[in-house]
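Since the structure comes first, as C-alpha coordinates, the remarks are kept for the end.
The values are calculated or read from the model by the stated rules, or taken from the named source; none is laboratory data. Keep in mind that what you see is a predicted model, and the values were worked out from it rather than measured. A quick note on method: Cβ atoms are made from the backbone with ideal geometry, for glycine too, and the neighbour counts reach across all protein chains shown.
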Amino acid sequence: MSRGRASFVSVLLVGSCLVCAQAGAADKPDYDQARWDPIHFKPAIDRATDDQCLDCHAEILEHNVRENSPAGVETSGTLAWYQTLDTYEGAQDTFHRRHMVSDYAKQVMDLKCNTCHQGNDPREETANSSATGSSDLVQRKQVDPMICVMCHGQHNAAIMGLPEGDWRETGKMFNHNCMTCHAAIRTTRHQVNFLRPEAIEKAGKENPDVCFGCHGGRSWYRIAYPYPRHPWPGSGDVVPEWAQDRPTESEARFRVQQQQAAKAE
(Lines give C-alpha, C1' and ligand atoms only; values in the text may rest on other atoms or scores of the structure.)
Protein backbone atom coordinates (compact mmCIF):
# COMPACT_ATOMS: atom_id res chain seq x y z
CA MET A 1 0.00 0.00 0.00
CA SER A 2 1.41 3.43 -0.89
CA ARG A 3 2.16 5.94 1.84
CA GLY A 4 -0.50 8.33 0.51
CA ARG A 5 -3.14 5.60 0.49
CA ALA A 6 -2.06 4.46 3.97
CA SER A 7 -2.40 8.00 5.30
CA PHE A 8 -5.85 8.29 3.71
CA VAL A 9 -6.96 5.01 5.28
CA SER A 10 -5.61 6.16 8.65
CA VAL A 11 -7.67 9.34 8.43
CA LEU A 12 -10.77 7.32 7.60
CA LEU A 13 -10.19 5.01 10.55
CA VAL A 14 -9.63 7.89 12.92
CA GLY A 15 -12.74 9.65 11.64
CA SER A 16 -14.76 6.46 12.09
CA CYS A 17 -13.53 6.05 15.64
CA LEU A 18 -14.50 9.62 16.45
CA VAL A 19 -17.98 9.20 14.99
CA CYS A 20 -18.52 5.98 16.98
CA ALA A 21 -17.26 7.58 20.18
CA GLN A 22 -19.45 10.64 19.73
CA ALA A 23 -22.51 8.51 18.98
CA GLY A 24 -22.00 6.33 22.06
CA ALA A 25 -21.11 9.10 24.48
CA ALA A 26 -22.94 12.23 23.42
CA ASP A 27 -23.08 13.70 26.92
CA LYS A 28 -19.80 12.53 28.40
CA PRO A 29 -16.72 11.91 26.23
CA ASP A 30 -14.90 8.69 26.95
CA TYR A 31 -11.13 8.34 27.24
CA ASP A 32 -10.49 7.48 23.59
CA GLN A 33 -12.66 10.35 22.40
CA ALA A 34 -10.80 12.74 24.68
CA ARG A 35 -7.42 11.53 23.42
CA TRP A 36 -8.39 12.45 19.88
CA ASP A 37 -9.88 15.81 20.78
CA PRO A 38 -8.70 18.48 18.29
CA ILE A 39 -7.22 20.49 21.17
CA HIS A 40 -4.31 18.04 21.26
CA PHE A 41 -3.34 18.82 17.68
CA LYS A 42 -2.32 21.73 15.51
CA PRO A 43 -3.68 24.32 15.04
CA ALA A 44 -6.06 24.12 18.03
CA ILE A 45 -3.26 23.52 20.54
CA ASP A 46 -1.76 26.92 19.75
CA ARG A 47 -4.98 28.67 20.78
CA ALA A 48 -5.76 26.43 23.76
CA THR A 49 -6.23 28.29 27.06
CA ASP A 50 -5.06 27.00 30.42
CA ASP A 51 -8.69 26.65 31.49
CA GLN A 52 -9.35 24.35 28.56
CA CYS A 53 -6.32 22.21 29.39
CA LEU A 54 -7.04 22.10 33.12
CA ASP A 55 -10.64 21.12 32.49
CA CYS A 56 -9.29 17.58 32.02
CA HIS A 57 -5.86 17.90 33.65
CA ALA A 58 -6.77 19.76 36.84
CA GLU A 59 -4.84 17.28 38.99
CA ILE A 60 -1.57 18.61 37.56
CA LEU A 61 -1.86 21.65 39.85
CA GLU A 62 -3.45 19.77 42.72
CA HIS A 63 -0.66 17.26 43.33
CA ASN A 64 1.54 17.78 46.39
CA VAL A 65 5.07 16.59 46.98
CA ARG A 66 5.30 13.43 49.10
CA GLU A 67 6.10 13.86 52.78
CA ASN A 68 8.87 11.29 52.64
CA SER A 69 11.16 10.04 49.92
CA PRO A 70 11.03 6.33 48.95
CA ALA A 71 14.08 5.90 51.19
CA GLY A 72 12.22 7.43 54.14
CA VAL A 73 13.92 10.85 54.18
CA GLU A 74 11.51 13.57 55.29
CA THR A 75 10.93 16.19 52.64
CA SER A 76 10.69 18.94 55.24
CA GLY A 77 14.23 18.16 56.40
CA THR A 78 15.94 18.40 53.02
CA LEU A 79 16.55 21.06 50.40
CA ALA A 80 15.81 20.48 46.73
CA TRP A 81 18.29 22.05 44.31
CA TYR A 82 15.87 24.80 43.35
CA GLN A 83 15.55 25.76 47.02
CA THR A 84 19.24 26.70 47.25
CA LEU A 85 18.79 29.93 45.27
CA ASP A 86 17.52 33.13 46.85
CA THR A 87 14.72 33.38 44.31
CA TYR A 88 12.85 30.40 45.79
CA GLU A 89 10.87 30.71 48.99
CA GLY A 90 8.80 28.23 50.93
CA ALA A 91 8.64 24.45 51.08
CA GLN A 92 9.21 22.07 48.21
CA ASP A 93 6.51 22.09 45.58
CA THR A 94 5.65 20.18 42.43
CA PHE A 95 7.13 20.92 39.02
CA HIS A 96 4.01 22.39 37.44
CA ARG A 97 3.06 24.45 40.49
CA ARG A 98 6.57 25.95 40.68
CA HIS A 99 6.38 27.01 37.05
CA MET A 100 2.81 28.26 36.92
CA VAL A 101 1.25 29.25 40.23
CA SER A 102 4.08 29.94 42.68
CA ASP A 103 4.59 33.55 43.80
CA TYR A 104 7.86 33.78 41.88
CA ALA A 105 6.35 32.29 38.73
CA LYS A 106 3.56 34.85 38.83
CA GLN A 107 6.10 37.61 39.37
CA VAL A 108 8.50 36.97 36.49
CA MET A 109 6.85 34.38 34.23
CA ASP A 110 3.68 33.95 32.26
CA LEU A 111 4.00 30.29 31.32
CA LYS A 112 0.99 28.62 29.77
CA CYS A 113 0.25 24.93 29.32
CA ASN A 114 0.91 25.18 25.59
CA THR A 115 4.19 27.03 26.11
CA CYS A 116 5.70 23.60 26.71
CA HIS A 117 3.04 21.14 25.58
CA GLN A 118 2.41 21.27 21.85
CA GLY A 119 0.24 18.20 21.53
CA ASN A 120 0.19 14.55 22.46
CA ASP A 121 -0.31 12.30 19.45
CA PRO A 122 -1.87 9.05 20.70
CA ARG A 123 -0.29 7.15 17.82
CA GLU A 124 3.25 7.53 19.10
CA GLU A 125 4.85 7.86 22.50
CA THR A 126 8.13 9.10 21.05
CA ALA A 127 9.03 11.17 18.02
CA ASN A 128 9.55 9.82 14.51
CA SER A 129 7.97 6.45 15.20
CA SER A 130 5.48 6.84 12.34
CA ALA A 131 5.77 8.15 8.82
CA THR A 132 3.33 10.97 9.51
CA GLY A 133 4.48 11.79 13.05
CA SER A 134 5.57 15.26 14.04
CA SER A 135 9.35 15.41 14.39
CA ASP A 136 9.30 18.24 16.95
CA LEU A 137 7.37 16.26 19.57
CA VAL A 138 9.86 14.53 21.82
CA GLN A 139 9.42 11.57 24.18
CA ARG A 140 6.36 10.46 26.12
CA LYS A 141 5.02 13.86 27.20
CA GLN A 142 6.01 15.14 23.77
CA VAL A 143 7.77 18.26 25.01
CA ASP A 144 10.67 19.70 23.07
CA PRO A 145 13.60 19.73 25.56
CA MET A 146 14.91 22.94 23.99
CA ILE A 147 11.95 24.67 25.65
CA CYS A 148 13.54 23.72 28.97
CA VAL A 149 17.02 24.75 27.81
CA MET A 150 15.80 28.31 27.23
CA CYS A 151 15.79 28.78 31.01
CA HIS A 152 17.83 25.80 32.17
CA GLY A 153 20.74 25.73 29.75
CA GLN A 154 24.37 26.00 30.69
CA HIS A 155 25.89 29.42 31.38
CA ASN A 156 27.65 30.22 28.11
CA ALA A 157 30.79 31.76 29.55
CA ALA A 158 32.95 31.14 26.46
CA ILE A 159 30.75 33.11 24.06
CA MET A 160 30.34 35.87 26.64
CA GLY A 161 34.11 36.16 26.96
CA LEU A 162 34.07 35.24 30.64
CA PRO A 163 36.38 32.84 32.47
CA GLU A 164 35.15 29.27 32.68
CA GLY A 165 33.65 28.37 36.02
CA ASP A 166 30.68 28.94 38.26
CA TRP A 167 29.13 32.39 37.96
CA ARG A 168 29.10 32.62 41.73
CA GLU A 169 32.90 32.78 41.45
CA THR A 170 33.49 34.59 38.14
CA GLY A 171 30.64 36.98 38.94
CA LYS A 172 32.76 38.60 41.63
CA MET A 173 34.56 40.43 38.80
CA PHE A 174 31.31 42.30 38.12
CA ASN A 175 30.01 42.52 41.67
CA HIS A 176 27.52 39.83 40.62
CA ASN A 177 25.72 42.45 38.57
CA CYS A 178 24.86 41.28 35.05
CA MET A 179 23.65 44.77 34.18
CA THR A 180 27.23 46.07 34.43
CA CYS A 181 27.58 44.93 30.81
CA HIS A 182 24.05 44.17 29.70
CA ALA A 183 22.75 47.67 30.28
CA ALA A 184 24.37 48.48 26.93
CA ILE A 185 24.82 45.04 25.30
CA ARG A 186 21.99 42.79 24.10
CA THR A 187 19.42 45.28 25.27
CA THR A 188 16.52 43.38 23.67
CA ARG A 189 15.94 40.82 26.40
CA HIS A 190 13.10 38.60 27.57
CA GLN A 191 10.72 39.93 24.90
CA VAL A 192 8.68 36.73 24.67
CA ASN A 193 5.10 36.05 25.66
CA PHE A 194 5.94 33.61 28.46
CA LEU A 195 8.06 36.04 30.48
CA ARG A 196 7.46 39.37 32.21
CA PRO A 197 10.47 41.42 31.04
CA GLU A 198 9.92 44.52 33.20
CA ALA A 199 9.51 42.43 36.34
CA ILE A 200 12.59 40.35 35.50
CA GLU A 201 14.76 43.42 34.95
CA LYS A 202 13.58 45.02 38.17
CA ALA A 203 14.08 41.86 40.21
CA GLY A 204 17.47 41.26 38.58
CA LYS A 205 18.75 44.63 39.75
CA GLU A 206 17.74 43.80 43.31
CA ASN A 207 18.92 40.19 43.39
CA PRO A 208 21.60 38.69 41.08
CA ASP A 209 20.16 35.22 41.67
CA VAL A 210 17.31 36.22 39.37
CA CYS A 211 19.70 36.37 36.40
CA PHE A 212 21.92 33.52 37.50
CA GLY A 213 18.94 31.32 38.37
CA CYS A 214 17.87 31.02 34.74
CA HIS A 215 21.18 31.59 32.98
CA GLY A 216 23.21 28.79 34.49
CA GLY A 217 22.08 28.55 38.10
CA ARG A 218 19.48 25.90 37.37
CA SER A 219 21.28 24.22 34.53
CA TRP A 220 19.69 20.87 33.80
CA TYR A 221 21.56 20.44 30.53
CA ARG A 222 25.19 20.71 29.45
CA ILE A 223 24.31 22.84 26.45
CA ALA A 224 23.53 26.54 26.25
CA TYR A 225 20.45 27.80 24.45
CA PRO A 226 21.24 29.59 21.15
CA TYR A 227 19.22 32.72 21.90
CA PRO A 228 18.23 34.90 18.93
CA ARG A 229 20.77 37.64 18.41
CA HIS A 230 18.63 40.76 18.18
CA PRO A 231 20.55 43.83 17.00
CA TRP A 232 20.92 46.58 19.59
CA PRO A 233 22.02 50.23 19.31
CA GLY A 234 25.76 50.26 18.64
CA SER A 235 25.97 46.54 17.87
CA GLY A 236 27.22 47.27 14.36
CA ASP A 237 26.87 45.20 11.22
CA VAL A 238 29.61 42.69 11.94
CA VAL A 239 28.21 39.38 13.20
CA PRO A 240 30.63 37.23 15.24
CA GLU A 241 31.46 33.80 13.85
CA TRP A 242 29.62 32.03 16.67
CA ALA A 243 26.45 33.96 15.84
CA GLN A 244 26.46 33.44 12.06
CA ASP A 245 23.69 30.87 12.17
CA ARG A 246 21.73 32.39 15.04
CA PRO A 247 18.17 33.53 14.35
CA THR A 248 17.38 37.21 14.78
CA GLU A 249 13.83 36.60 16.00
CA SER A 250 12.29 34.33 18.59
CA GLU A 251 10.16 31.40 17.49
CA ALA A 252 6.96 32.78 16.00
CA ARG A 253 4.60 31.40 18.63
CA PHE A 254 6.62 33.04 21.41
CA ARG A 255 6.65 36.54 19.96
CA VAL A 256 4.72 39.13 21.91
CA GLN A 257 3.13 40.45 18.70
CA GLN A 258 1.84 36.95 17.96
CA GLN A 259 0.07 36.80 21.32
CA GLN A 260 -1.44 40.24 20.87
CA ALA A 261 -2.74 39.30 17.42
CA ALA A 262 -4.33 36.12 18.77
CA LYS A 263 -6.12 38.08 21.51
CA ALA A 264 -7.39 40.62 18.97
CA GLU A 265 -8.97 37.83 16.93
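For (1) surrounded by fewer than 15 Cβ atoms within 10 Å (Cβ to Cβ); (2) on the phi > 0 side of the Ramachandran plot; (3) without any contact (Cβ under 8 Å) to a residue 12 or more places away in the chain, each residue gets a yes or a no:
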residue	(1), (2), (3)
33	no, no, no
36	no, no, no
45	no, no, no
52	no, no, no
55	yes, no, yes
63	yes, no, no
68	yes, no, yes
71	yes, no, yes
74	yes, no, yes
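In region 178-208, of all residues being among the basic types (Lys, Arg) and part of a loop (DSSP other than H, G, I, E, B), the one that is modelled with the highest pLDDT corresponds to 196.
Scanning region 77-88 for residues that are part of a helix (DSSP H, G or I) and either of a type in the set (Phe, Trp, Tyr) or at pLDDT below 85 (or both) yields a count of 3.
Identify, please: which residue in region 235-256 is within 22 Å of residue 111 (Cα to Cα) and assigned to a loop (DSSP other than H, G, I, E, B) and is, among those, farthest from the chain's Cα centre (by Cα)? Among them, the one singled out is 249. Of the candidates 105, 58, 71, 91, the single residue that is among the hydrophobic types (A, V, I, L, M, F, W, C), in the same structural domain as residue 256 (by TED's automatic domain parsing), in a helix (DSSP H, G or I) and modelled with pLDDT of 90 or more is 105.
Taken over region 209-234, the criterion of being surrounded by 14 or more Cβ atoms within 10 Å (Cβ to Cβ) and either in a helix (DSSP H, G or I) or in contact with a Cys (Cβ under 7 Å, 6 or more places away or on another chain) (or both) is satisfied by 209, 210, 211, 212, 213, 214, 215, 216, 217.
A single member of 67, 62 is of a type in the set (D, E, K, R) and farther than 30 Å from residue 120 by Cα, and it is 67. Scanning region 144-161 for residues that are without any contact (Cβ under 8 Å) to a residue 24 or more places away in the chain and outside any helix (DSSP H, G or I) yields one hit, 161. Check region 19-34 and report whether any residue there is in a loop (DSSP other than H, G, I, E, B) and at pLDDT 80 or above. Yes, the conditions are met somewhere in region 19-34.
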